[in-house]
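See structure below.
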Amino acid sequence: MNTFSTASASDKLWQKIFFALTALSLIAMPLLSIPHGMSGDEWSLIIYGHDIYDYFFKGSKVALDYDVQNWAQVAGLHYYGGLYDFVVTFLHKNLFSSMDELTFRHIVNSLLGAGLFIYTGLTAKQIGGWRTGVLAFIFIALSPRLLGESMNNPKDIPFAFASIMFLYYLLRFIDTFGQKKAQWKYTFLMGLGFGLAMGFRIGGILMIPYSVLFIGAFYLWNEPFRNKIKTAFGAGVKAIAIHLLVMTVVGYIVGIMFWPWALQDPLSRPLEALEAMTMREVPFRMLFDGAYIMNTEVPNTYTTQWIFISTPILILITFIGSLIFIPKMSTRYGRPAVLIGYFILIFPIAYAVYKHSTLHDTWRHFFFTYPGMVLISAMLCNYLLETYSGKKSMQYGIGAVIALGMLLPLAWIVRSYPNEYVYFNEFEGGVKNAVGRYDLDYYQNSGKQATEWIKANAKPSKGRIIVASNMSQIERYFAHDTDKFLGVYVRLNDRDTKDWDYYITYSRYISLEQLNAGTWPPANAVHKIEVDGAILSAVLERKTKLDMLGNQLMESQQLDSAFKVYEQAVKIDPSNDAVLIRFATLYAQRGNIPMALSTLDEAAKIDAGNPAVYNLQMQIYRAIGDNAKAMAAENRLRALMQ
């Protein structure tokens with residue numbers, strides 16, 4: 001049973017293909033990243049990077065504790081290693097300041113995504129040869145979720161890159177055991193991989209027990225490696241222990257060197273961060289399987305279901321099918337390599353289920369496990385191609401199935417760009433079938449497309465054009481156009497009370513009732529960003545600011561004037577349920593109950609999931625003594641508020 005396959009003469013072509021794919025990814029990924037928008041996580045990490053920079057160069061203490069700011073969006077940020085955000089900020093400030101900061105961050109992010117593809121391919125090559133490496137590279141690079149988030153996910157993609165980088169060098173360390181020069185080379189590279197992982201996310205500290213476990217697996221089930229150690233058992237164990245100790249020290253230093261909070265107590269604070277991040281809860285709603293759920297109360301199948309519906313079906317089918325071939329694959333590739341592939345995918349997900357961990361949108365926090373699935377799928381495909389190498393018709397058939405299977409996600413990538421990450425596979429019925437069942441553009445990536453449309457198509461204005469959205473830091477899109485545009489944060493249901501000219505709305509957090517009724521986006525949408533018929537976001541153009549004036553009059557208790565203004569506002573734009581609810585309130589205060597209830601019915605037609613509709617209904621019915629209808633409205637209100 002061989003440890004790893006070695007390159008043969010017939011493997012040289014696949015080696016050249018792998019190098020070509022590597023070069024292509026390093027060139028193409030930065031270019032492809034430019035049209036992608038700012039992700040939901042990105043703006044807070046931009047702040048974090050600047051605060052760390054100020055810590056080192058200006059003596060600022062902000063990066064030492066974000067909980068004191070009483071700002072939910074940045075709470076606990078100091079528990080994250082600051083390596084990525086500081087390095088990117090440092091490079092931008094000192095070397096690339098002429099480039100837009102978001103663009104620069106996306107270029108760096110995309111290069112780490114390319115690194116994720118490359119190291120996944122190299123790991124597969126180390127296990128099964130260059131053809132296996134090429135297959136793994138293609139499989140992961142054409143996985144739309146991974147590809148799309150490689151452009152602007154500054155947490156999970158860097159961590160996934162560092163994790164597979166560490167695994168590759170660990171396998172090289174095992175393969176070259178006994179060769180002192182190579183051993184020290186891979187020890188330091190393992191230390192770098194471990195340090196990067198820890199510096200991106202404290203969970204990287206698990207690379208230490210992983211290394212011990214995987215080395216143990218090779219000792220148990222790989223005869224050549226076991227014989228190397230048995231030749232001088234005591235010296236072999238001592239050598240491994242020394243190398244792992246050096247790896248740990250090197251990685252630990254790399255992991256905390258740009259982490260201000262951890263530097264205050266380097267020995268205890270990383271462990272404190274690990275415990276804090278394990279137990280930390282940041283509750284919010286997520287759309288999952290046709291219902292809104294809290295991320296603190298996800299079903300045990302949450303992550304596996306997301307993987308099943310958003311992974312290319314070829315990779316899913318081959319991974320599931322590989323279970324039948326475990327004995328034969330173990331003979332071909334070695335049992336440890338096969339088991340490691342399954343382990344790095346299954347164990348973290350199973351452990352999160354066991355711990356009832358708080359999870360966030362989709363399965364992005366588990367992207368670091370995905371190379372395990374890709375490795376197994378690539379190993380099986382390569383094994384089948386090898387098995388039928390003497391039967392050209394079978395080999396061509398297998399090759400055709402692989403090519404067709406990966407053409408499906410490739411076609412999606414082409415037509416959805418730059419929104420590749422909202423991919424749902426054929427088992428789910430595509431993105432159109434996922435509307436109202438799962439979050440689509442949860443990262444609000446399409447916001448850049450929306451702002452670019454506004455810049456090109458906004459009507460001329462005497463002053464600055466105000467663009468509002470429920471995405472924080474939207475003003476960053478207008479950093480170079482501040483003389484023409486002003487970006488502001490406004491909650492969707494508060495948009496009638498604030499001043500804006502254009503509003504960018506996303507499908508996320510829209511009620512199921514409104515999504516299913518097709519009343520989102522509202523009638524004043526002048527532009528939609530959509531893929532395969534699924535709307536990701538829309539640009540609303542304000543038809544009147546009388547609604548804002550009406551609200552101001554209501555707040556100042558000028559109710560008669562407010563009523564007249566709202567009457568005009570509703571005639572001009574009857575598409576805002578929040579305006580209709582305020583108008584209904586004024587009807588009720590004037591004693592016109594039938595019109596108040598009728599206006600609420602119109603609001604419910606727009607969004608039957610708006611709790612404010614039933615809250616006002618309940619109050620009106622109670623006031624007129626209709627207890628049965630008041631109870632029905634209250635029950636509906638309670639159901640929506642759960």
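The values are calculated or read from the model by the stated rules, or taken from the named source; none is laboratory data. Note that this is a predicted model, so its numbers are computed, not measured. Backbone-built Cβ (ideal geometry, glycine too); neighbour counts: all protein chains shown. With ligands, DNA and RNA removed, areas are computed over all heavy atoms of the protein, side chains included. Shrake-Rupley method; radii C 1.70, N 1.55, O 1.52, S 1.80 Å.
Assorted remarks:
- Test: residue in region 107-129 that is within 22 Å of Ile344 (Cβ to Cβ) and part of a loop (DSSP other than H, G, I, E, B): yes
- Within region 505-527, the set of residues being buried (at least 16 other Cβ atoms within 10 Å of the Cβ) and farther than 22 Å from Tyr292 by Cα comprises Asn524, Ala525, His527.
- Scanning region 131-153 for residues that are open to solvent by less than 10 Å² (accessible area, probe 1.4 Å) and not in a helix (DSSP H, G or I) turns up Ser143, Ser150, Met151, Asn152, Asn153.
Yes or no, residue by residue, for (1) touching a helix residue (DSSP H, G or I) at 6+ places or on another chain (Cβ under 7 Å); (2) modelled with pLDDT of 95 or more; (3) small (Gly, Ala, Ser):
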{"site": "Pro270", "(1), (2), (3)": "yes, no, no"}
{"site": "Glu275", "(1), (2), (3)": "no, no, no"}
{"site": "Met279", "(1), (2), (3)": "no, no, no"}
{"site": "Ala291", "(1), (2), (3)": "no, no, yes"}
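- Among residues of region 1-24 that are within 28 Å of Ser330 (Cβ to Cβ), those with a Cβ under 6 angstrom from a residue that is modelled with pLDDT of 85 or more and surrounded by fewer than 16 Cβ atoms within 10 Å (Cβ to Cβ), sequence gap 6+ or separate chain, pair up as Thr3/Pro224.
- Residues considered: Ala276, Ala291. Of these, the only one that is surrounded by fewer than 12 Cβ atoms within 10 Å (Cβ to Cβ) and either within 21 Å of the chain's Cα centre (by Cα) or among the hydrophobic types (A, V, I, L, M, F, W, C) (or both) is Ala291.
- Within this structure, Asn493 fails the test of being assigned to a helix (DSSP H, G or I) and farther than 26 Å from Glu42 by Cα.
- Filtered residues of region 249-273 (kept if open to solvent by 40 Å² or more (accessible area, probe 1.4 Å) and of a type outside the set (A, V, I, L, M, F, W, C)): Tyr252, Gln264, Asp265, Pro266, Ser268, Arg269, Glu272
- Within region 46-65, considering residues that are surrounded by 15 or more Cβ atoms within 10 Å (Cβ to Cβ) and either among the basic types (Lys, Arg) or out of contact with any Phe, Trp or Tyr (no Cβ under 8 Å at 6 or more places or on another chain) (or both), the one farthest from His92 (Cα to Cα): Ser60
- Residues of region 214-228 that turn out to be crowded, with 19+ Cβ neighbours inside 10 Å and under 17 Å from Leu245 (Cβ atoms), as a count: 2
- When restricted to residues that are outside any helix (DSSP H, G or I), in contact (Cβ under 8 Å) with a residue 24 or more places away in the chain and open to solvent by 20 Å² or more (accessible area, probe 1.4 Å), region 80-103 contains 2.
- Residues being of a type in the set (Ser, Thr, Tyr) and out of contact with any Leu (no Cβ under 9 Å at 6 or more places or on another chain) - total across region 344-386: 6
- Selected residue (only one of Asn635, Asn615 is in a helix (DSSP H, G or I), open to solvent by less than 80 Å² (accessible area, probe 1.4 Å) and polar (S, T, N, Q)): Asn615
- Those helices (runs of 4 or more DSSP H) lying entirely in region 216-266 with at least 3 residues modelled with pLDDT of 95 or more: 233-256, 260-263
- Summed over region 413-456, residues that are farther than 15 Å from Phe478 by Cβ and either open to solvent by 50 Å² or more (accessible area, probe 1.4 Å) or part of a loop (DSSP other than H, G, I, E, B) (or both) total 26.
- Arg542 out of contact with any Lys or Arg (no Cβ under 9 Å at 6 or more places or on another chain), closer than 19 Å to Lys498 by Cα and either surrounded by 23 or more Cβ atoms within 10 Å (Cβ to Cβ) or touching a residue at least 24 places away in the same chain (Cβ under 8 Å) (or both): no
- Checking each residue in region 170-213 for being assigned to a helix (DSSP H, G or I), more than 29 Å from Phe86 (Cα to Cα) and open to solvent by 10 Å² or more (accessible area, probe 1.4 Å) picks out Arg172, Asp175, Lys180, Lys181, Ala182, Val212, Leu213.
- Test: residue in region 605-623 that is under 28 Å from Ile465 (Cβ atoms) and in contact with a helix residue (DSSP H, G or I) (Cβ under 8 Å, 6 or more places away or on another chain): yes
- The set of residues from region 251-300 being among the aliphatic types (A, V, I, L, M), touching a residue at least 12 places away in the same chain (Cβ under 8 Å) and within 16 Å of Thr358 (Cβ to Cβ) comprises Ala273, Leu274, Ala276, Met277, Val282, Met286, Val298.
- Filtering region 457-473 to residues that are open to solvent by 10 Å² or more (accessible area, probe 1.4 Å) and hydrophobic (A, V, I, L, M, F, W, C) leaves Ala458, Ile465, Ile466.
- Positions within region 229-248 being open to solvent by less than 60 Å² (accessible area, probe 1.4 Å) and either in contact with a Leu (Cβ under 8 Å, 6 or more places away or on another chain) or not small (Gly, Ala, Ser) (or both), in sequence order: Ile229, Ile240, His243, Leu244, Val246, Met247, Thr248
- From the list Asn551, Asn576, the one residue that fits, being closer than 17 Å to Asn524 by Cβ, open to solvent by less than 40 Å² (accessible area, probe 1.4 Å) and touching a residue at least 24 places away in the same chain (Cβ under 8 Å), is Asn576.
- Ala479 being touching a residue at least 40 places away in the same chain (Cβ under 8 Å), of a type outside the set (S, T, N, Q) and open to solvent by 10 Å² or more (accessible area, probe 1.4 Å): yes
- The listed residues are Leu404, Leu380, Leu410, Leu385, and the only one of them that is open to solvent by 60 Å² or more (accessible area, probe 1.4 Å), more than 20 Å from the chain's Cα centre (by Cα) and under 18 Å from Ile317 (Cα atoms) turns out to be Leu404.
- Applying the condition of being closer than 21 Å to Gly128 by Cα and modelled with pLDDT under 90 to region 4-47 and asking which residue is farthest from the chain's Cα centre (by Cα) yields Ala9.
- Failed item in (1) without any contact (Cβ under 8 Å) to a residue 40 or more places away in the chain; (2) hydroxyl-bearing (Ser, Thr, Tyr); (3) closer than 30 Å to Ala291 by Cβ; (4) assigned to a loop (DSSP other than H, G, I, E, B), with Tyr621 passing the rest: (4)
- Top-ranked residue in region 324-339 [being open to solvent by less than 10 Å² (accessible area, probe 1.4 Å) and part of a helix (DSSP H, G or I); ranked as farthest from Asn382 (Cα to Cα)]: Pro336
- Qualifying residue in region 312-332 (condition: modelled with pLDDT of 95 or more and either within 19 Å of the chain's Cα centre (by Cα) or within 26 Å of Phe86 (Cα to Cα) (or both)): yes
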